[in-house]
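Trainee: Before I ask anything, let me first share the structure, which is written out below as C-alpha cells.
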Amino acid sequence: MARNIVEKILADHVIGGTIVPGDFIEIKVDHTLLQDALGTMACLQFEKMGYASVNTDLSIIYVDHNTLQTGYENADDHRYLKSFAKKYGLLFSKPGNGICHQVHLERFGYPGGVLIGSDSHTPTCGGLGMLAVGAGGLEVAATMGTGTYYLKVPEVIQVELKGSLRSGCSAKDIILKLLSILTVKGGVGKIVEYAGDGVQSLSVYDRATITNMGAELGATTSIFPSDAQTQRFLSAQDRARDYRELVADEGAAYVEKISIDLAKLEPLVALPHSPDKVKKVSEIGIVKVDQVCIGSCTNSSFSDLMLVANALKGKTIHKDVSLTVSPGSKQVLNMLAQNGALSDIISSGARILEAACGPCIGMGQAPASGAVSLRTFNRNFEKRCGTDDAQVYLASPETAVASALSGYITTLSDGQAMPRIELPEKFIINDNLIVIPDASGQDTALEKGKNIKSFSIFDAIEDEVSGKALIKVGDNITTDHIVPGGAVALANRSNIPFLSQYCLTRCDGQFPENANKFGGGFIIGGENYGQGSSREHAALVPVFLGIRAIIAKSFARIHKTNLINTGILPLVFQDKVLYESIGHLDDIQLVDVRKSLDTGVPIQAKLSTRGIIFELLCEATKREREILLAGGLINYIRMKE
C-alpha cells in the first residue's frame, strides 16, 4: 500500500494502536527538547513523577528564552536546569549557544526521527524530514521518563510546490501564502506534508522556515521530504551519517491537496495582529516603519543573515529606523564574523543581539508607543511585543532589510535584489557550549533558587463541579492573553503564584481578583481558545486559581492537551449558540462528572442563574478521561507506578 512520509515514520515508531486518522497511538520517541522558559517547570514535574533518568536516545535542555538577566531569577533557573541535566542524563545547551530549533536543526535533527519538544515551533526540524511535534512541558516530562508519546493520528494535507521562487521572494512568502489559504485554524488536527518539483529548489533552511511557521496554521507538525538538499546540509554539518532518503510513495493518500505556484508569488506581509492577515506588500500602500527586527527561530539562519549582510553592504539604514539582528546560533554568528558579513551588518547601523529568542517573545526591544515594527518572526499577536499599541507586521528578511533601508514597508528593487545564498560546503563545527552528561551525574545535588516555587496539583475530580463564569472571552484567545510573555513574566516562569497575578488580565484586569474572591470557577471561551505558544503555564496558572473547567467553542491542540494533563476539564458546547446565553459571574453547575468521564457521554450543565440546562462535550480519549478523573497526568502516572 502506498504511504506518505508521515505514515512511513509512524510505522517505524508505533508501539500501540493503529495508524488511522483520528485514532490514538503510542509511539517511540527518539529526541526530546526543553527550553528554559518552560523547562524549569517541566523538570520540577519530572521530579514528582519519580523517574531515575531519561529514557530516550537524546534529551536536551536549551537556554535560549530567558537570557535577559536583570535579576537573579533567570540565572538561578539556569543553574537548576544544568544540575537537572547532569543528574538525569540530558545534554545542556548553555546561554549563547543559540535558539533551540536552530541548533537542533543544525546539530541533532535527522530524517525519519521523532522529536517531541516543549515549544510550539518544534516542527522546525520537519525541514529535515523529521516528525517534530510541539507539546506541553508536562507531556515532554512524561515522554522523557517513558520514551513514548501518545499521538492522535492527524490527517495529512499535501502542499504541492511548483516551479521556483522569483527574485525578491523567499520561503517566508510561501508559508505566508499558505496561511492566507488555510488561516490560523486550518491546520488543526492535521499534518502538512510538502511535495512537488518546487521542493528541490529550497534549502533545508528554507524548508525549516516553512515548517516552523506551520505552527501558526494550528497544525500538529509540517514535514518535507529528505533528498539531495537534506544530504548536502547534513554533510556540511559533518553529519552525513544521519542522512536517509525519505519520500512519499507514488499514489499515497492525503485528505486534501493544495498547489502553490512559486513563480507567481509576490513578497507578502502579515498585518497586525494575526499571522494569517496576509497581503501583498504592493497592496498595503505607504506604511512608515519605526523598527525592523530580523531573526527568531523562523529567519535567523546563515543564509538569511548572509542575504541581509549583502543587502546592507556599504549602505546605512534609514535615519528613523532602528534595526536589530539576532543570529539563530553561535554557529551562524561565528561564520558571519569569520567571513566579514558581521562587519557589513554592524557598519550599516544595525544593532546586534545575542543568539537567542529575544524580541520575538517580548524579551527586550519593545517598540515605542504606537510604533510600526516589521519583523521576520512567526507571531504578531497584539501586545506580544511588549507594547500595547504597537503595530507589528511579519515579512521575509528580503522585505525587512529593504524596509530598514527605505524607512517604509517595501521590497528590494530589481537592482537591489540579492542572489540566493548558497550553503557552504562545511559549516564551522564547535559544540563547546553543549554540556554532555556523564555516568557520575546521578549523585548530583539539584540547585534550586529561591524563586522556584511549588506548583498546584488537583485532587481526583469530584462528581459535581460548580462555580461562577469568571470571564467570557472571544475567538482566538492566545496563550499570551492567558499568561503573557515579556521580561518580567518570563523571569518568573518557575513562580506560579507570581504569574497568577497576570492571568487573563489582558482581557479582564479583575480576573485574578475574582478567581481568588470566588474560590475559582469557570472560563468561557470562543473558537480556537489557547492558540499560539505551547506554554503550559497557561494551564498551570488557572489550576493555582482554582479553575476546574474551561467551556469553549473549540480549543487549540496543544493547549487542550495541557489542560487535560493539569486536570482542567476542556469542555465544548454541544450547541455553540449557548455561548451567547452565559453572562459574567453567572452560576454554573456540572453534574455527574465522574460518571460522564467514565462512560464518555456528554456532561450535563446547569446555568442556574438563568434556569438553562445544556450539555457539554469532553472530546477526549479513554486515557485522557482517566487522566482527568485522576486530577491530572502526575497523579495518573503515580497511580500507574
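Values in this text are rule-based calculations from the coordinates and carry no lab data. All figures in this text were calculated on a predicted structure; none of them were measured in a lab. Glycine also receives a Cβ, built like all others from the backbone with ideal geometry; neighbour counts cover every protein chain displayed.
Trainee: Let me know the shape class of segment 28-134, please: from the alpha-carbon gyration tensor, a ≥ b ≥ c as square roots of the eigenvalues, rounded when a/c is under 1.5, otherwise prolate if a/b is greater than b/c, or oblate.
Mentor: Judged from the Cα gyration tensor, segment 28-134 comes out oblate (a/c at least 1.5, b/c at or above a/b).
Trainee: Leaving out same-chain residues fewer than 8 places away, which lysines sit with a Cα under 29 Å from that of residue 288?
Mentor: 172, 177, 264, 277, 279, 280, 313, 315, 319, 383
Trainee: Rounded, prolate or oblate, given the Cα gyration tensor of segment 212-318, with a/c below 1.5 counting as rounded?
Mentor: Oblate shape, in that a/c is at least 1.5 and b/c is the bigger or equal ratio.
Trainee: Rounded to whole Å, give me the distance from the Cα center of segment 22-36 to that of segment 530-549.
Mentor: Each part's Cα centre sits 21 Å from the other's.
Trainee: Shifting gears a bit: Using only alpha carbon pairs under 8 Å that are at least six residues apart, calculate the relative contact order of the chain and give it in whole percent.
Mentor: 14 percent
Trainee: Which Cα, out of 538, 528, 500, lies furthest along the positive dipole direction of segment 471-541 (beta carbon charges, K/R +1, D/E -1)?
Mentor: 500
Trainee: Just want the ordering: 518, 224, from fewest to most Cβ atoms lying within 10 Å of their own Cβ.
Mentor: Final ranking by Cβ density, sparse to dense: 518, 224.
Trainee: Compute the length gained on full extension between residue 608 and residue 592: take 0.36 nm times their separation in residues and subtract their Cα-Cα distance, giving the result in nm to one decimal. Working shown, then result.
Mentor: Numbers: separation 16, 0.36 × 16 = 5.76 nm, distance 1.60 nm.
Extending this stretch completely gives an extra 4.2 nm.
Trainee: Oh, and also: In deg cm²/dmol and to the nearest 500, what is the mean residue ellipticity at 222 nm of the chain if only DSSP H runs of at least 4 residues count, each as -39500 (n - 2.57), divided by the residue total?
Mentor: One gets -8000 deg cm²/dmol as the mean residue ellipticity at 222 nm.
Trainee: With a bin width of 5 angstrom, please list the P(r) values of segment 98-195 as percents of all Cα-Cα pairs, from the 0 bin to the one holding the largest distance.
Mentor: 3, 11, 18, 23, 21, 15, 6, 3, 1, 0
Trainee: Report D for segment 8-73 in µm² per second (integer): Stokes-Einstein, Kirkwood Rh on Cα pairs, 37 °C, 0.692 mPa s.
Mentor: So the translational diffusion coefficient is about 224 µm²/s.
Trainee: Kindly provide the Kirkwood hydrodynamic radius of segment 268-406 in Å, to one decimal, from all pairs of distinct alpha carbon atoms.
Mentor: It is 14.7 Å.
Trainee: If the reach is capped at under 19 angstrom between alpha carbons, list the aspartates and glutamates near residue 94, excluding any in the same chain fewer than eight residues apart.
Mentor: 36, 64, 73, 76, 77, 106, 119, 354, 431, 438, 447
Trainee: Specify whether the C-alpha gyration tensor of segment 465-640 places it in the rounded, prolate or oblate class, a ≥ b ≥ c being the square roots of the eigenvalues: rounded for a/c under 1.5, otherwise prolate if a/b is larger than b/c and oblate if not. Mind dumping the intermediate values first?
Mentor: On the way: a/c = 1.63, a/b = 1.18, b/c = 1.38.
Here segment 465-640 falls in the oblate category.
Trainee: Still on this structure, please answer the following. To the nearest 20 Debye, how big is the dipole of the chain about its Cα centre, given +1 on the beta carbon of each Lys and Arg and -1 on that of each Asp and Glu?
Mentor: The calculation lands at about 720 debye.
Trainee: I would also like to ask the following. Can you spot the lysines whose alpha carbon is less than 22 Å from residue 622's alpha carbon? Ignore those fewer than 8 places along the same chain.
Mentor: Those lysines meeting the cut-off are 28, 152, 190, 553, 560, 595, 640.
Trainee: What does segment 5-264 give for Rg and for Dmax, in Å, if only its C-alpha atoms count?
Mentor: Radius of gyration, then largest Cα-Cα span, for segment 5-264: 18.2, 57 Å.
Trainee: Relative contact order of segment 268-406, please, whole-number percent, based on alpha carbon pairs below 8 angstrom and at least 6 residues apart.
Mentor: Numbers: 308 pairs, mean separation 48.0, N = 139.
That works out to 35 percent.
Trainee: Of the listed peptides 131-137, 112-118, what is their order by residue-averaged count of other C-beta atoms within 10 Å, with the highest listed first?
Mentor: 131-137, 112-118
Trainee: As a footprinting exposure proxy, order 418, 49, 130 by other Cβ within 10 Å, with the fewest listed first. Could the numbers behind the result be given before it?
Mentor: Numbers: 418 20, 49 17, 130 32.
Lowest count first: 49, 418, 130.
Trainee: Order these by the 10 Å Cβ neighbour count, fewest first: 347, 59.
Mentor: Going from sparsest to densest Cβ surroundings: 347, 59.
Trainee: Taking the alpha-carbon set of the chain, what are its Rg and Dmax in Å?
Mentor: When restricted to the Cα atoms of the chain, Rg and Dmax are 23.6, 72 Å.
Trainee: Another question, if that's okay. Can you run phi through the Karplus equation (6.51, -1.76, 1.60; θ = phi - 60°) for segment 478-484 and list ³J(HN,Hα) in whole Hz, with x for Gly and Pro?
Mentor: Per-residue couplings from phi come out as 9, 5, 5, 5, 6, 9, x Hz.
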